[in-house]
């Protein structure tokens, strides 16, 4: 379960950073950045924060609303950053993820002195000093909060894309390569939001088969 152990290693303002949407074939990659300005926040929030992938969609949504409420109270500071499918194709997914993370931190109203990034890779350049932590979203409250922020925000974006492109099941698969998604491509082709550098989409563009 997350704790303050990683945050306590640093002096000054610390933010947690995590991403959502590296694997899907469609849409942007999203990143969240969260600063806890006080630790006097909802006990329900702290008791339930965890790696977003371990939580049900309904629980993630509830925690997302709690995070936004704490933000309104001035207890935490949140930032969201995106990198588009086109940027993913131009840069590659890793560099596009770092770009989204940088944009998320830039959106914070308070500039952090340190960013705690989930994973085992650090960006070559960033808007503030960084450190990375494997499974950080299961170890740090700040990173766990950023994980939920990014995941729910991106899922909501995919819900909107599903209304614009209704044949692919984006509202259920979030852009991953499910049977429904593949059937949609076979029947209707790809959308402008598909990541053309991803192998299945690249193969489809070359052969019209998937």
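Any read-out appearing in this document is the output of simple, stated calculations on the displayed coordinates, not a laboratory observation. Owing to the predicted nature of the structure, the values given are computational and were not obtained by experimental measurement. We place every Cβ from the backbone using ideal geometry, glycine too, and count neighbours over all the protein chains shown.
Here are some notes:
- Cα gyration tensor shape of segment 7-159, rounded if a/c is under 1.5, else prolate or oblate by comparing a/b with b/c: oblate
- Across 174, 145, 183, mean-square fluctuation computed from a Gaussian network of the chain (C-alpha pairs under 10 Å connected) peaks at 183.
- Using alpha-carbon coordinates, inclination of helix 141-164 to the longest axis of the chain, degrees: 30 degrees
- Degrees, to the nearest 10: 93-107 long Cα axis against longest axis of the chain: 40 degrees
- Fully extending the segment from residue 179 to residue 122, taken as 0.36 nm per residue of separation minus the present Cα-Cα distance, adds 17.1 nm.
- Among 101, 158, 1, sorting on how many other beta-carbon atoms sit within 10 Å of each Cβ, with the fewest leading, yields 1, 158, 101.
- Listed from fewest to most Cβ neighbours within 10 Å, the set 3, 140, 147, 102 follows the order 3, 102, 140, 147.
- Residue exposure proxy: 201, 117, 76, ordered by other Cβ atoms within 10 angstrom of their Cβ from fewest to most, comes out as 201, 76, 117.
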